[in-house]
Amino acid sequence: MDTNEKTQENSMSRSVVVDVDLTVVDTLTPWVTWWEKRVDTKFDWSAVNKDLSINKQLHQLMSCEEALTFWRNPELYDNLTPLTGSRNALRLLKSMGYDLFFVSNCEDDHVESKRRFLDKYFPFHDGLIDTCQKHSIEADIYFDDHVEYVDKILKNRPYAKVYQFVTPDNEYQLNTKATPLHNWRDFAKLQFGE
(Lines give C-alpha, C1' and ligand atoms only; values in the text may rest on other atoms or scores of the structure.)
Protein backbone atom coordinates (compact mmCIF):
# COMPACT_ATOMS: atom_id res chain seq x y z
CA MET A 1 0.00 0.00 0.00
CA ASP A 2 1.45 3.38 -0.94
CA THR A 3 1.48 6.46 1.32
CA ASN A 4 -1.55 8.02 -0.39
CA GLU A 5 -3.65 4.89 0.17
CA LYS A 6 -2.59 4.72 3.85
CA THR A 7 -3.58 8.37 4.34
CA GLN A 8 -6.96 7.74 2.71
CA GLU A 9 -7.51 4.62 4.78
CA ASN A 10 -6.61 6.31 8.06
CA SER A 11 -8.84 9.33 7.37
CA MET A 12 -11.94 7.24 6.63
CA SER A 13 -14.65 6.83 9.19
CA ARG A 14 -15.65 3.28 9.91
CA SER A 15 -18.71 3.05 7.73
CA VAL A 16 -20.72 0.63 5.68
CA VAL A 17 -22.71 1.53 2.57
CA VAL A 18 -25.50 -0.89 1.71
CA ASP A 19 -27.67 -0.91 -1.39
CA VAL A 20 -31.32 -1.78 -0.76
CA ASP A 21 -32.89 -3.52 -3.79
CA LEU A 22 -31.67 -7.11 -4.23
CA THR A 23 -29.20 -6.58 -1.41
CA VAL A 24 -31.43 -6.40 1.67
CA VAL A 25 -34.83 -6.92 0.02
CA ASP A 26 -36.03 -8.92 -2.98
CA THR A 27 -37.76 -6.49 -5.30
CA LEU A 28 -37.06 -8.54 -8.42
CA THR A 29 -39.65 -11.25 -7.73
CA PRO A 30 -42.48 -8.75 -7.06
CA TRP A 31 -41.47 -6.78 -10.15
CA VAL A 32 -41.57 -9.87 -12.39
CA THR A 33 -44.90 -10.94 -10.85
CA TRP A 34 -46.31 -7.45 -11.49
CA TRP A 35 -44.97 -7.57 -15.07
CA GLU A 36 -46.53 -11.01 -15.69
CA LYS A 37 -49.94 -9.70 -14.65
CA ARG A 38 -49.59 -6.57 -16.80
CA VAL A 39 -48.65 -8.37 -20.00
CA ASP A 40 -50.48 -11.64 -19.27
CA THR A 41 -47.34 -13.64 -20.02
CA LYS A 42 -45.27 -16.01 -17.90
CA PHE A 43 -41.71 -14.79 -17.45
CA ASP A 44 -39.10 -17.17 -18.91
CA TRP A 45 -36.45 -17.44 -16.18
CA SER A 46 -34.57 -20.08 -18.20
CA ALA A 47 -33.94 -17.55 -20.98
CA VAL A 48 -31.90 -15.25 -18.73
CA ASN A 49 -28.28 -15.29 -19.83
CA LYS A 50 -25.36 -12.94 -20.42
CA ASP A 51 -26.99 -11.56 -23.59
CA LEU A 52 -30.61 -11.44 -22.41
CA SER A 53 -30.95 -9.91 -18.96
CA ILE A 54 -34.17 -9.77 -17.02
CA ASN A 55 -34.48 -6.05 -17.81
CA LYS A 56 -34.13 -6.72 -21.54
CA GLN A 57 -36.77 -9.44 -21.41
CA LEU A 58 -39.20 -7.25 -19.50
CA HIS A 59 -38.69 -4.37 -21.90
CA GLN A 60 -39.34 -6.49 -24.98
CA LEU A 61 -43.04 -6.47 -24.12
CA MET A 62 -43.28 -3.23 -22.17
CA SER A 63 -41.78 0.23 -22.58
CA CYS A 64 -39.28 1.51 -20.04
CA GLU A 65 -41.76 4.19 -18.97
CA GLU A 66 -44.44 1.56 -18.44
CA ALA A 67 -42.06 -0.64 -16.45
CA LEU A 68 -41.17 2.29 -14.21
CA THR A 69 -44.75 2.48 -12.97
CA PHE A 70 -43.91 -0.48 -10.69
CA TRP A 71 -41.04 1.50 -9.14
CA ARG A 72 -43.22 4.58 -8.71
CA ASN A 73 -45.61 2.84 -6.33
CA PRO A 74 -45.72 4.92 -3.10
CA GLU A 75 -46.31 1.72 -1.09
CA LEU A 76 -43.76 -0.45 -2.91
CA TYR A 77 -41.82 -1.62 0.16
CA ASP A 78 -44.67 -1.62 2.68
CA ASN A 79 -45.37 -5.37 2.42
CA LEU A 80 -41.86 -6.63 1.68
CA THR A 81 -39.52 -8.30 4.17
CA PRO A 82 -35.73 -8.28 4.44
CA LEU A 83 -33.59 -11.01 2.95
CA THR A 84 -32.72 -13.72 5.45
CA GLY A 85 -29.68 -12.86 7.54
CA SER A 86 -29.42 -9.22 6.44
CA ARG A 87 -30.64 -7.79 9.75
CA ASN A 88 -28.30 -9.90 11.87
CA ALA A 89 -25.24 -9.28 9.69
CA LEU A 90 -25.79 -5.52 9.57
CA ARG A 91 -26.59 -5.37 13.28
CA LEU A 92 -23.27 -7.13 13.96
CA LEU A 93 -21.38 -4.62 11.83
CA LYS A 94 -23.15 -1.80 13.67
CA SER A 95 -22.17 -3.32 17.04
CA MET A 96 -18.55 -3.41 15.83
CA GLY A 97 -18.64 0.39 15.57
CA TYR A 98 -19.49 0.90 11.92
CA ASP A 99 -21.83 3.67 10.80
CA LEU A 100 -24.47 2.06 8.60
CA PHE A 101 -25.87 3.94 5.61
CA PHE A 102 -28.31 2.63 3.05
CA VAL A 103 -27.60 4.15 -0.35
CA SER A 104 -30.10 3.63 -3.12
CA ASN A 105 -31.28 5.23 -6.33
CA CYS A 106 -34.93 5.97 -5.52
CA GLU A 107 -37.92 7.00 -7.54
CA ASP A 108 -39.53 10.04 -5.90
CA ASP A 109 -42.79 8.19 -5.38
CA HIS A 110 -41.34 5.25 -3.43
CA VAL A 111 -38.61 6.85 -1.33
CA GLU A 112 -40.85 7.21 1.74
CA SER A 113 -41.95 3.58 1.47
CA LYS A 114 -38.30 2.53 1.31
CA ARG A 115 -37.52 4.73 4.35
CA ARG A 116 -40.41 3.13 6.31
CA PHE A 117 -39.11 -0.33 5.38
CA LEU A 118 -35.58 0.50 6.57
CA ASP A 119 -36.77 2.16 9.78
CA LYS A 120 -38.98 -0.84 10.57
CA TYR A 121 -36.45 -3.60 9.92
CA PHE A 122 -33.13 -1.79 10.43
CA PRO A 123 -33.89 0.77 13.17
CA PHE A 124 -30.17 0.90 14.01
CA HIS A 125 -29.19 2.40 10.64
CA ASP A 126 -27.71 5.89 10.33
CA GLY A 127 -29.59 7.08 7.27
CA LEU A 128 -30.83 6.59 3.73
CA ILE A 129 -29.00 8.42 0.96
CA ASP A 130 -30.83 8.68 -2.35
CA THR A 131 -28.23 8.78 -5.13
CA CYS A 132 -26.97 6.90 -8.16
CA GLN A 133 -23.46 8.23 -7.36
CA LYS A 134 -22.74 5.56 -4.74
CA HIS A 135 -19.04 5.65 -5.52
CA SER A 136 -18.89 9.25 -4.25
CA ILE A 137 -19.69 8.13 -0.70
CA GLU A 138 -16.61 7.15 1.25
CA ALA A 139 -16.85 3.93 3.23
CA ASP A 140 -14.85 0.92 4.40
CA ILE A 141 -17.32 -1.68 3.20
CA TYR A 142 -19.84 -1.65 0.35
CA PHE A 143 -22.66 -4.09 -0.45
CA ASP A 144 -24.35 -3.84 -3.85
CA ASP A 145 -25.62 -6.05 -6.66
CA HIS A 146 -25.59 -3.62 -9.58
CA VAL A 147 -22.66 -4.18 -11.94
CA GLU A 148 -22.25 -0.53 -12.94
CA TYR A 149 -22.23 0.68 -9.33
CA VAL A 150 -19.80 -2.02 -8.20
CA ASP A 151 -17.42 -1.15 -11.05
CA LYS A 152 -17.47 2.57 -10.16
CA ILE A 153 -16.97 1.87 -6.45
CA LEU A 154 -13.97 -0.36 -7.15
CA LYS A 155 -12.49 2.23 -9.51
CA ASN A 156 -12.96 5.16 -7.13
CA ARG A 157 -12.47 3.38 -3.78
CA PRO A 158 -9.74 0.77 -4.39
CA TYR A 159 -8.98 0.50 -0.66
CA ALA A 160 -12.56 -0.47 0.28
CA LYS A 161 -13.93 -3.97 0.70
CA VAL A 162 -16.70 -4.51 -1.88
CA TYR A 163 -19.24 -7.33 -1.75
CA GLN A 164 -21.39 -7.97 -4.81
CA PHE A 165 -24.65 -9.84 -4.40
CA VAL A 166 -25.23 -12.40 -7.13
CA THR A 167 -28.70 -12.12 -8.64
CA PRO A 168 -30.38 -13.77 -11.63
CA ASP A 169 -29.80 -10.54 -13.54
CA ASN A 170 -26.06 -10.11 -12.88
CA GLU A 171 -24.59 -13.58 -12.46
CA TYR A 172 -23.05 -13.46 -15.94
CA GLN A 173 -21.29 -10.13 -15.39
CA LEU A 174 -19.81 -10.11 -11.88
CA ASN A 175 -16.79 -7.94 -11.15
CA THR A 176 -13.89 -10.26 -10.33
CA LYS A 177 -12.42 -7.72 -7.87
CA ALA A 178 -15.53 -7.77 -5.69
CA THR A 179 -16.31 -10.60 -3.29
CA PRO A 180 -19.43 -12.38 -4.58
CA LEU A 181 -22.25 -13.15 -2.13
CA HIS A 182 -25.25 -15.34 -2.89
CA ASN A 183 -26.88 -14.47 0.43
CA TRP A 184 -26.10 -12.94 3.82
CA ARG A 185 -24.98 -16.33 5.21
CA ASP A 186 -22.05 -16.14 2.76
CA PHE A 187 -21.01 -12.85 4.34
CA ALA A 188 -21.40 -14.22 7.89
CA LYS A 189 -19.16 -17.18 6.98
CA LEU A 190 -16.50 -14.93 5.44
CA GLN A 191 -16.59 -12.24 8.10
CA PHE A 192 -17.43 -14.08 11.29
CA GLY A 193 -16.77 -17.76 10.50
CA GLU A 194 -20.41 -18.63 11.19
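Observations
- Per residue accessible area of region 114-194, 1.4 Å probe, in Å²: 50
- R185/T81 FRET efficiency (R0 22 Å; Cβ-Cβ; nearest 0.05): 0.85
- Carbon plus sulfur fraction of accessible area for region 99-175, probe 1.4 Å, in percent: 44
- Solvent exposure ordering (accessible area, 1.4 Å, most first) of H182, H110: H182, H110
- Value at 222 nm in deg cm²/dmol, rounded to 500, when DSSP H runs of n ≥ 4 in the chain each add -39,500 (n - 2.57): -11500 deg cm²/dmol
- The overall shape of region 67-173 is oblate: from the C-alpha gyration tensor, with semi-axes ordered a ≥ b ≥ c, the ratio a/c is 1.5 or greater and a/b is no larger than b/c.
- Mean Cβ count within 10 Å, highest first, over the residues of peptides 79-87, 38-46, 144-152, 18-26: 18-26, 144-152, 79-87, 38-46
- Isotropic mean projected area of the C-alpha convex hull, the chain (nm²): 11.5
The values are calculated or read from the model by the stated rules, or taken from the named source; none is laboratory data. Values in this document were obtained by computation on a predicted structure and should not be read as measured data. Ideal geometry is used to build each Cβ from the backbone, glycine not excepted, and the neighbour counts take in all protein chains shown. Just so you know, the surface numbers come from the protein's heavy atoms only, side chains and all, with ligands and any DNA or RNA stripped out. Shrake-Rupley method; radii C 1.70, N 1.55, O 1.52, S 1.80 Å.
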